[in-house]
Structures are given as C-alpha cells and as structure tokens.
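All of the numbers you see were taken from the coordinates with simple rules; none came from a lab. Values in this document were obtained by computation on a predicted structure and should not be read as measured data. Backbone-built Cβ (ideal geometry, glycine too); neighbour counts: all protein chains shown.
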Amino acid sequence: MKKCIIPFLLVLVVLGIACSKNESDKSINLFGIDRDKQLGAQVDSSILASPAEYPILSEANYPAAYSYIRNMTNKILNSGEVFYRDEFVWEVKIIQDDDVLNAFCTPGGYIYVYTGLIKYLNAESDLAGVMGHEIAHADRRHSTDILTKEYGISFLLSILFGNDQSTLKDITGSLISLSYSRKNESEADEYSVRYLCPTDYKADGAAEFFARIVEEGGSSGPTFLSTHPDPGNRVENIRAEKVNLACEGDKGYDAEYAAFKNSLP
Ligand SMILES: [Zn+2]
C-alpha cells in the first residue's frame, strides 16, 4: 500500500497546479483550492480543540455580537470583488482575549477576530477594513503560498492525509504569527479597499488602524500589521487607493459599533 502513496501525492500536486491557476491569480500556488479548504478546516478544528489557548466567545451566549460581525463580513464578501466568495467557507469566530490586538484568516476562509482588536477600533468601517485585509490574505491565497514556502508541499499534504496533531498545532501557531511578505501585505491593503469600495463603508477603514498605531508612536503593533511596510506608508497608500478607485461610501456606523462593543463581555 505504501508504494501507492507517493505517486498519489504527486498526482495531487499536479492537479493542484492545474486547479490553482486563474486569471487574477498569477502566482503559481502548488496547493489546489480544495487543499486550502481542507487545511483551513484542520486548523479550525485544532483551534476549537484548544480552548485555553483560543477561548472562542460562545455564540449561544452572545448571538447579537455574532450576528453583527457576520452581517459586516457578508457586506464585504458580497461586494462582488472576492474571487473565492462561493468556494471558501468564510466563517467568523470571535476569540475572547482583550489583550490581543489581532485577527487572522486561515486558508479556505476561517476568520478569527480577537476582542482586543474589536475594542481597540472605533467604527464598523475600521473593523471592516481590517477584515477585508485578512479576507484578502485567504482570497489571494497568500497563506498557502507562504505555508508552502515554510513547510513544503509534501509536508502540508502529509498533514491533510495523516493525523499528526502536533504538527497541525505548529502550523496553527505559525499561521497566526505569519510574516507575510511586504508585497503580500501591500496587496492585502489594496484589496481591502477594493472589497469595501462597492459597499457603503468608508473604503479606507483599514487606514484608521495604522493611523492610530502611528499616532501612538508604536511599531509594537500586532505582528500581522507591524512587520512591514511602514505603517505610515500604509495609511497613505490605503487612502490613495480609495481616491484612485473613486469609492463613495462614507459610513462608519460609529454608534452601532459602540453598541456592538458594549455587547461583548
Ligand atoms: Zn496582513
């Protein structure tokens, strides 16, 4: 039986190359999009199995908070600009930890947002901007690109077909603190504006976050944003992209956002 496995994996790799090329995706990603979804599902179950590390806010106890964040996410997803809108799962979960200023998205679209980030921001459009940025990392498939670079394709495939929980935990951990390339970060910023542009949100919502980081004089922002490029340049670039695309949305929904924050524990 074992002899069959390697050719089988090779076939998958080849299929992956064939499946992952599309018009707007010029990089060659060795993972097929079904593999993105599978890896995301595995990481998601690993997160759910570690409540001490990732305390997920209970949806049963906080239904209004979940419905708020889902409505917000759906506005972005339904902008017509998200390439894998129907292929990826796009599930949102809130992690209850006020000390963490972070959000992340697995391959295949499992999105996690920390209460620390939600409480740091002041408008729905600010959070929508950050969510757009995270959605872009999955939709542009940066996450599988970089995991493939870090771990290698055969290693990732072995996780999908094996049951190696400790390796899965490593990958989960590194996904959360992934250092995307400068190019990936700039692209995620740009796509955040593109996704928000057809909505009624201020399309440069993501800039508010960086503006505040700059204002507070910190390069000590969360890893997902603080690495590079320079936060000040990102503010300028995001705002310039909004002008460039002539986005007309001007809503921040500040009052609704304040109520949402108050609904959290
Ligand atoms: Zn990022």
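Among 68-75, 206-213, 35-42, sorting by the average number of other beta carbon atoms lying within 10 angstrom of each residue, highest first, gives 206-213, 35-42, 68-75.
Ordering 170-183, 131-144, 99-112 by mean Cβ neighbour count within 10 Å, with the highest value first, yields 131-144, 99-112, 170-183. Remark: for residue pairs Lys169/Lys251; Lys37/Lys183; Lys149/Lys251, the C-alpha separation exceeds 32 Å in Lys169/Lys251; Lys149/Lys251.
Peptides 85-92, 247-254 ordered by packing proxy, namely the average of other Cβ atoms within 10 Å per residue, highest first: 85-92, 247-254.
Remark: region 66-217 carries a charge dipole of roughly 280 debye about the Cα centre, counting +1 on each Lys and Arg Cβ and -1 on each Asp and Glu Cβ.
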